[in-house]
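Working notes, beginning with the structure itself.
Values quoted throughout were computed directly from the atomic coordinates according to the rules given, and no laboratory measurement underlies them. Treat the numbers as computed from the prediction; the structure is a model and nothing was measured. Cβ sites come from the backbone with ideal geometry, for glycine too, and all protein chains shown count toward neighbours.
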Amino acid sequence: MWLKEPQVVTHVRFSPKNADNGICAGDEYELRYWDDGWQSCGTARAKYEYIEFANIPHGKLYWLVNLTRGKEEMPFVLDEQGRQRFVYYDIMDIDEN
């Protein structure tokens, strides 16, 4: 936090940079991948703040759709360590400021 002059800070409030589009327990999701059009890997209901899909194809462009209340979804890839990398910001190295 950068302040123009010294201040006494008693509280800090922050919000994650998203549109409430994380994995929400109880919501239903569909995982899709690109193969000459969007193909479905199936649907699943999240039990926790993460979701797992089995037998997904490797090395594809993916799109996780929240069927319950989705918005602002973005396609992503998985890197060599299995981390989710969003196409626009993580891969293309676009300055978010």
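Taking amide hydrogens as placed 1.01 Å from N in the peptide plane, the amide H of residue 41 sits under 5 Å from those of 31, 32, 33, each at least 5 positions away in sequence or on another chain.
For residue 61, nonlocal amide neighbours, meaning residues 5 or more places apart or on other chains whose placed amide H falls under 5 Å from its own, are 34. Using C-alpha pairs below 8 Å separated by at least 6 residues, the relative contact order for region 28-91 is 28 percent. Can you work out the FRET efficiency for the pair residue 56 and residue 11, with r the C-beta to C-beta distance and R0 = 25 Å, to the nearest 0.05? It comes to 0.05. From least to most packed, judged by other beta carbons within 10 angstrom and beginning with the fewest, 47, 60 follow the order 47, 60. When each of 68, 10 is scored by the number of other beta-carbon atoms lying within 10 Å, the sequence from fewest to most is 10, 68. In this calculation the C-beta distance from residue 4 to residue 86 is compared with R0 = 41 Å, giving a FRET efficiency of 0.80. Applied to region 74-82, the Karplus parametrisation 6.51 cos²θ - 1.76 cosθ + 1.60 on θ = phi - 60° returns per-residue 3J(HN,Hα) values of 10, x, 8, 10, 10, 7, 4, 8, x Hz, with x for Gly and Pro.
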